[in-house]
Each structure stands twice: as structure tokens, then as C-alpha cells.
1. For MET285 and PHE95, compute 0.36 nm times the residue count separating them, minus their Cα-Cα distance, and round to one decimal in nm.
2. In segment 150-250, which trypsin sites (Lys or Arg not before Pro) are in a loop and have at most 10 other Cβ atoms within 10 Å, using DSSP for the loop call?
3. Before anything else, pin down the relative contact order of the chain: Cα pairs under 8 Å, at least 6 apart, normalised by residue count, whole percent.
4. What is the local net charge at ILE62, summed over the other residues whose Cβ is closer than 14 Å to its Cβ (Lys, Arg +1; Asp, Glu -1)?
5. Whole angstrom only: what separates the Cα centroid of segment 82-135 from the Cα centroid of segment 260-302?
6. Taking only the alpha carbons of segment 208-278, what extent do you get along each of the three principal axes, in Å, biggest first?
7. For the chain, what is the per residue volume of the convex hull drawn over the alpha-carbon atoms, in cubic angstrom?
8. Between LEU236 and VAL34, what is the label-point separation in nm under the 7 Å Cα-to-beta-carbon projection?
Amino acid sequence: MRSSLLKNKSELKRWAGLLFVLPAFIYHFIVVIVPSIKTLYLSFFDWNGIGNPTFIGLDNFIEMFTADEVLPVALKNTMVWTLWFVTVPIILSLFVAVWVSGVKRPKVQMFYRTTYFLPYVLSAAIAGKIWSNFYNPYYGFSTIFKTMGLDNLAEVMWLGDSKIALFSVIFVSNWSWWGFVMVLFVSALQQIDPALYEAASIDGAGRVKLFWHITIPGVSPTIVFIVAMSLMWSILSFDFVWVMTMGGPGQATELLSTWIYKNAFVNYRAGYANAICVLQTIIVMVIFFINQFVRKKVEEAV
């Protein structure tokens, strides 16, 4: 009798837990799973986003790899964007986090943390517009450089030169992102036992050895997490490019996400845009599984 009551109680708890999860699952199913399935389905159709779709099989995918001249450029720009996104902000954030964590006065440390974090608080639309004005050749940085006598810099078209436009937007994106990463690293550094540093210092270890043999292993799970998130978010980046250049000049700053948007809402080729979405999803999934493998290896090593 008692065992059956315990069994019923455990069953009740299990069903109660499922009921608590059910609203989140329904929301996820409606907002994520159903649109994902619909995206895959529509990638096999010729559709303008309004009328009835026409089934064309694999034609959209064949066009992607044989006839679309913009897609390789967008893919290349996305890879360049991703490479910068997962290197410069993370390296800079780690070194600044180590320096900020070494500040002994709590109020001063909080001031630095808040100051560096502030750019992340600004929305991409606001930050993009601010920096677009900074880059403006008529009243932005160019006028400052001109008054300083730096004529070569004054003549640079930061968003108009196809050779540097992408890097100009990347700089703004990194400026907005790195403060958030720095705060994550500060939190990770606070979890490292100070006794490890004291023991290593007594044994004669210098700052470089302390950083390499204690700090890096101590924050390695955080590094893996940040790299994974940065990889996936950078591939899906859209806001800064669209606000500042809309993919121009030409296709100099075109990303996969902006090319998807243009095909869906400018060229009215929603079916083809869904096919590119499938390609983008495959890239993100490959990165996700690689990250899971690396993460397990790091956890085993730690």
C-alpha cells in the first residue's frame, strides 16, 4: 500500500514537472520548430511570398551553387566577419578582464566594468546610426582628421570604400560586443581559487606563467562557451550591416543574413531565401556539433 502511494506520488511529481515545462515547449514549438519545418518545406518551391508556391524540387539549391554570383561573396564576407568576431573581442576582453579583476578597490573596479559594458546596452540600430555619423565624410572623423592635418585619413571613405567598408562595420560590432564578453570573463576569473596563484607565485612563477597555466585553464570552459556563441551569432549577424550599409557598397558588406532578407523582401523570392536559410542552418549546426565535441574534451581535461 505504502509503495503504491510513493509510486503514485512520484508519478504525480513527474507529470507536474511536465506541465510546468509544457507552456515553454508549446511556445518553442510554435515559434521555432514549426517555422523551421516550414522553411525547409518552402525551400523546394518558387514563391514570391504572397501567391501560391510552385514546387520546383532542388532548383533553388542548384541555383545557389551554380548561378548565384552574390552568394559566394556573402559567404566569404560572413566567414571574415566570423573570424574577426571570435578572435579580436575575445582576446581583448580576456586581457582587460584580467586587468580589471586585479583592481583592488571595488568601486573603481565596478566603474571600469560598467564603462566597458555600456556599449552593449545600446541597441544595434542606435549604435549603428551613431557610428554611421562618425564615419560620415562631411561631418564625422574626416573633419577631425582634416583639422589635425591628417589629409590621407580625412579622405578615407569608411563606409564607401569597398576594401574597408566591411572592416569598418566589423569594428562597430566588436565595439558593441566585447564589453559583454569582458563581464563574462570577469565572472569566470572570480571562480578561480586565489590559493593557486599564491602557491604558484611562491614557487617563482611570473605573470606570464600564472596567466598561461592558471588563468587560461581556469576560464577555458567560458572560452569554449563564448567562442561557440560568438560563432553562431556572428553567422546570423544582420543588424549592424543593415543599419550602416545595407550590404553596400555593391556587395562589399553583404552577409548571408542580408542576402536572405533582400531575396525575401526586396526581390520577392521567398522560396529561394528559404533555401539560403537552410544552408545557413546547416553551417550553424555543424559549428554546434563541433563545439559540443570540443566542450566535452575541455571538460574532461579540466
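1. Extra length available between MET285 and PHE95 comes to 65.4 nm.
2. Counting only loop positions with at most 10 other Cβ atoms within 10 Å, the trypsin sites (Lys or Arg not before Pro) in segment 150-250 are LYS163.
3. Relative contact order of the chain: 29 percent.
4. -4
5. With segment 82-135 and segment 260-302 each reduced to a Cα centre, they are spaced 27 Å.
6. 56, 26, 15
7. Looking at the chain, the number lands at 240 Å³ per residue.
8. Modelled inter-label distance: 1.9 nm.
None of the figures in this text is laboratory data; all of them are computed from the coordinates on show. Given the structure is predicted, the values throughout are model-derived calculations rather than measurements. Glycine also receives a Cβ, built like all others from the backbone with ideal geometry; neighbour counts cover every protein chain displayed.
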